[in-house]
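Asks: One structure is given below, represented as structure tokens, and several questions about it will come after.
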Amino acid sequence: MKTSLTAWATSLCLAVMTMGATAPSVAQTGAPAEKVFRYAFPTAETGFDPVQLSDLYSRTVVANIFEALYGYEYLARPVKVKPELADGMPQVSADFRIWTIKLKHGVYFADDPAFNGKKRELTAQDVVYTFKRVFDPRVKSPNLSAIEEEGIVGLEEWRQRAEGGKIDYDSDVEGLKALDRYTVQFKLVQPRPRFIYTIADAGIFGIVAREVVDKWGDEIMAHPVGTGPYMLSEWKRSSLITLVKNPAYRGEVFNETPPPGDKTAADIAARLHGKRLPLVDKIVISIIDEAQPRWLAFLNGEHDLMNEVPPQFIDVAIPNNKIAPNLAKKGVHMERVPQADVTMFYFALNDPVVGGYKPENVALRRAIGLAYNTDEEIRLVRRGQAVPAQGLVMPGTSSYDAKFRSEMGTFDRAKAMALLDMYGYTDKNGDGWRDMPDGSPLVLTLDTLGVATYRQRDELLKKNLDAIGVKIVFRIGQWAEQLKSARAGKLQMWSFGLSATSPDSRYVLQQAYGKSAGEQNLARFKNARYDQLYEKQLLLPDGPERDAVVRECVRIAIAYMPLKTVTHRIVTDMWQPWVENYRRHPFSRAWWKYVDIDTAKAPKQ
């Protein structure tokens, strides 16, 4: 491993030194050059129907095709919600139960054969249809629990009728109504002070047209039709995604005010002021799962953005956390920011080896967690670009406490071995590996990917578990298929990362909420006290009382260890000198419309 990384570093240093020497010539003057923005995803997409998605990369694409009722300002820090499809902020009852929203007039869906050649305006009925569709049992939406727990009056009853075969999208639901063509109203069973965050994520609740779903049926994942700035032009599964400007998009004129004292935001705001969005004509996304070719494509000018510099190249890209001199000389820009995210691996609570709620079951999971050296992962695998996660709550979200410390973030090999010994996980046949208390073999299976970063983490996990006498094997597969298997409860252990989509810590708490089992709760953990606390925090406004409830949820998850949280990542993005206005947003994925390309500086396409 050291030899290969050294070789990579040498080749990459040479690439950095020669960067630009072989770049194509700049486009000749004349007609305006097409503006194309190019970068890569490290993981394949699953499709483009918002209601069916749970992965970050697919949601990123659909957040730029579809629009939600609300979104986020691009530059505001702390983040600020703004209207998208809504015409102004919602009218909210004093008890946070009735939310009435006016829609903008003259918002049209992109052209599609489903509309028979006619312009199709978005109306309040489209909003009603979109939220009903999440509850359609035929769709099997992984986002069901996210809206189910909002408690929209009558929607669960509608779903039960649908389960009985009586699916009627035209039937009334008391809590979800189009009051007129441009007014929609949500009535909630309980107060929901943060409901606006639910309706501010186009990657989950982007508004769709019924005619499009009816026309394309089972092929809807390949036929996204929204009201947003871009539309799908070409899709080669797990290989290439191309989007172009949506001619039907109404065009948004940028008018944000940058936060005081933020020079970067002020510079971006000055460039964007008064401009009609989007600015780039085409978005081209390659799927490159291996870090080395993805990084080299950026160095060679083939990609405009390096979205998250791979950990193994951090020392080359930002030695001592500063941009490498050769990159700076070429005009490459960088931004290094803490992520509102968490990486983890889960244990399937329905698995006969790592599952269960008996003391010995909990002891095994806790021992595995204690045996894993997170500091080593941060130092060796992530090259210092992360901090240990002490619990579920992510930095930058409500109730996060940077001073909180727990067993979740602790490495203690001696304690891990003592726990295993105490509860009967000993070597009973003399082969050097611990067995189950009943004498059967103790073998863990982690489903993983075959790419470099995963291999390094897997090697570290194996080393740590070997040291306490626990055998683990790795099963290589494809991420999208693993996600399906995880939801179906077929994986014993799986590692993944979760990024926040709003400032609300509620969403990460769903990872252990019983009613989210098989959706966000891949571990299928169920604990009555946890569920009670989770439901209590939904009612409370942000503040000390809610913080205390969230902390108790976190402690229960630590005690039972249905999943082991590992790190909160620090990410470094880099972009070429011809890219303008890029800035990472903590939550929003709908940022493509702000990016611009200076075609005078960019290589000829």
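Bear in mind these aren't lab numbers, they're just calculated from the coordinates by the rules spelled out. The structure displayed is predicted, hence computed values, not measured ones. Positions of Cβ are generated from backbone atoms using ideal geometry, with glycine treated the same way; all protein chains shown enter the neighbour counts.
Asks: May I ask you to derive the FRET efficiency for residue 379 and residue 189 from their Cβ-Cβ distance with R0 = 35 Å, giving the value to the nearest 0.05?
Replies: Computed FRET efficiency for residue 379 and residue 189: 0.10.
Asks: Can you tell me how much longer the chain between residue 73 and residue 174 gets when fully stretched, taken as 0.36 nm per residue apart minus their C-alpha distance, in nm with one decimal?
Replies: Contour length minus the Cα-Cα distance gives 33.2 nm.
Asks: Same structure, new question: Kindly identify region 50-221 as rounded, prolate or oblate by the Cα gyration tensor criterion: order the square roots of the eigenvalues as a ≥ b ≥ c, call it rounded if a/c is under 1.5, otherwise compare a/b with b/c, prolate if a/b is larger, else oblate.
Replies: Because its axes are fairly even, with a/c under 1.5, region 50-221 counts as rounded.
Asks: Can you give me the long-range amide H partners of residue 176? Hydrogens built in the peptide plane at 1.01 Å from N, cutoff under 5 Å, separation of 5 or more residues or another chain.
Replies: 187
Asks: Hey, another quick one. At 7 Å along the Cα-to-beta-carbon direction for both residue 250 and residue 322, put a label point, then send me their distance in nm to one decimal.
Replies: 4.8
Asks: Note down the magnitude of the dipole of the chain about its Cα centre, charges +1 on Lys and Arg C-beta and -1 on Asp and Glu C-beta and zero elsewhere, to the nearest 20 debye.
Replies: Here the chain has a charge dipole of around 840 debye.
Asks: Could I ask something else about it? Tell me, what is the percent relative contact order of region 341-569, built from C-alpha pairs under 8 Å that lie six or more residues apart?
Replies: Relative contact order, region 341-569: 35 percent.
Asks: Evaluate the distance, in nm, between pseudo-label points positioned 7 Å from the Cα of residue 118 and of residue 422 along their respective Cα→Cβ axes.
Replies: Between residue 118 and residue 422, the label points sit 7.1 nm apart.
Asks: Let me ask you something else. Based on other C-beta atoms within 10 Å, arrange 401, 289, 341 from fewest to most.
Replies: 401, 289, 341
Asks: Post the alpha-carbon centroid distance, region 181-211 to region 466-516, in whole angstrom.
Replies: 27
Asks: With a point put 7 Å past each Cα toward its Cβ, work out how far residue 95 is from residue 438 in nm, to one decimal.
Replies: Here the answer is 5.1 nm between the modelled labels.
Asks: For a quick check of your reading of the filter: which GluC sites (Glu not before Pro) in region 186-256 sit in a DSSP loop and have no more than 14 other Cβ atoms within 10 Å?
Replies: Here no GluC sites (Glu not before Pro) fit, given the DSSP loop and packing criteria.
Asks: What residues qualify as long-range amide H neighbours of residue 111, i.e. H under 5 Å apart, gap of 5 or more or another chain, H built at 1.01 Å from N?
Replies: Amide H neighbours of residue 111: 248.
Asks: Further question: Between the DSSP loop rule and a limit of at most 10 other Cβ atoms within 10 Å, which trypsin sites (Lys or Arg not before Pro) in region 125-190 are left?
Replies: Within region 125-190, the qualifying trypsin sites (Lys or Arg not before Pro) (loop, at most 10 other Cβ atoms within 10 Å) are 138, 166.
Asks: Of the options 285, 514, 175, report the single residue whose Cα projects farthest towards the positive end of the charge dipole of the chain (beta-carbon charges: Lys, Arg +1; Asp, Glu -1).
Replies: Going by the charge dipole, the pick is 285.
Asks: On a full-extension model of 0.36 nm per residue, what is the gain between residue 290 and residue 484, subtracting their alpha-carbon distance, rounded to one decimal in nm? Let's see the in-between values first.
Replies: Details: separation 194, 0.36 × 194 = 69.84 nm, distance 2.19 nm.
Extra length from residue 290 to residue 484 when fully extended: 67.6 nm.
Asks: Within 9 Å, Cβ to Cβ, of residue 68, how many net charges do the neighbouring residues add up to if Lys/Arg are +1 and Asp/Glu are -1?
Replies: Summing Lys and Arg as +1 and Asp and Glu as -1 gives -3.
Asks: At R0 = 25 Å, how high is the FRET efficiency between residue 138 and residue 238 if r is their beta carbon distance? Nearest 0.05 is fine.
Replies: 0.45
Asks: Also, I was wondering about something else. Quick one: 444, 563, fewest Cβ neighbours within 10 Å first, how do they rank?
Replies: 444, 563
Asks: Continuing with the same structure: Report the calculated FRET efficiency for residue 598 and residue 357 (r = Cβ-Cβ distance, R0 = 60 Å), to the nearest 0.05.
Replies: Working from the Cβ atoms, E equals 0.55.
Asks: Additional query: Using Cα-Cα distances under 8 Å and only pairs 6 or more residues apart, what relative contact order does the chain have, in percent?
Replies: 20
Asks: Separate question: Using 0.36 nm times the number of residues separating residue 125 and residue 82, minus their current alpha carbon distance, what extension gain do you get?
Replies: 13.3 nm
Asks: Which one of 398, 331, 386 has its Cα pushed farthest toward the positive end of the charge dipole of the chain, where Lys and Arg give +1 and Asp and Glu give -1 at the Cβ?
Replies: The one lying farthest along the dipole's positive direction is 331.
Asks: Also, I was wondering about something else. With θ set to phi - 60° and the Karplus curve 6.51 cos²θ - 1.76 cosθ + 1.60, what are the ³J(HN,Hα) couplings of region 176-189 in order, to the nearest whole Hz, using x for Gly and Pro?
Replies: 9, 9, 8, 5, 7, 4, 10, 10, 10, 10, 10, 10, 10, 5
Asks: Find which of 497, 594, 99 sits farthest along the positive direction of the dipole of the chain, computed with +1 on the beta-carbon of Lys and Arg, -1 on that of Asp and Glu, about the Cα centre.
Replies: 594
Asks: Sticking with this structure for a sec: Per residue of region 256-266, what does 6.51 cos²θ - 1.76 cosθ + 1.60 with θ = phi - 60° give for ³J(HN,Hα)? Whole Hz please, x for Gly and Pro, Karplus curve as stated.
Replies: 6, 9, x, x, x, x, 9, 5, 4, 5, 5
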